[in-house]
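Enquirer: Okay, handing you the structure first.
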Amino acid sequence: MIKKIKYVRPELYVMMLTNAQVNEQEYEQIIRAGVDDYFLKPVSFNRILLHLDKGLKQRENRNLF
């Protein structure tokens, strides 16, 4: 699903939050699918906000070119 969304809207910033541990191979698949940030619960709200801010700035920078 993420690959399809990123194909249509590559500028979207995708964050994934889960409570399940993933192995290295699964993590690589998640990132290759287009997830920009991956978080394992529990995670602080401030950390999510910082990463969201970073992602939105990256999107703005891509749109400048």
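Enquirer: Are any residues in the range 1-27 loosely packed, with under 12 Cβ neighbours inside 10 Å and charged (D, E, K, R), and if so, which ones?
Expert: Listed by number, the residues that qualify are Lys3, Lys4, Arg9, Glu11, Glu24, Glu26.
Enquirer: May I pose another question? Run down Phe65, Phe45 and say which single residue is at pLDDT 90 or above and exposed (fewer than 10 other Cβ atoms within 10 Å of the Cβ).
Expert: Phe45
Enquirer: Which of the residues that make up the range 28-42 are under 19 Å from Asp53 (Cα atoms) and either exposed (fewer than 10 other Cβ atoms within 10 Å of the Cβ) or of a type in the set (Phe, Trp, Tyr) (or both)?
Expert: Tyr38, Phe39
The values are calculated or read from the model by the stated rules, or taken from the named source; none is laboratory data. Predicted, not measured: the structure shown is a model, and the values here were computed from it. Glycine also receives a Cβ, built like all others from the backbone with ideal geometry; neighbour counts cover every protein chain displayed.
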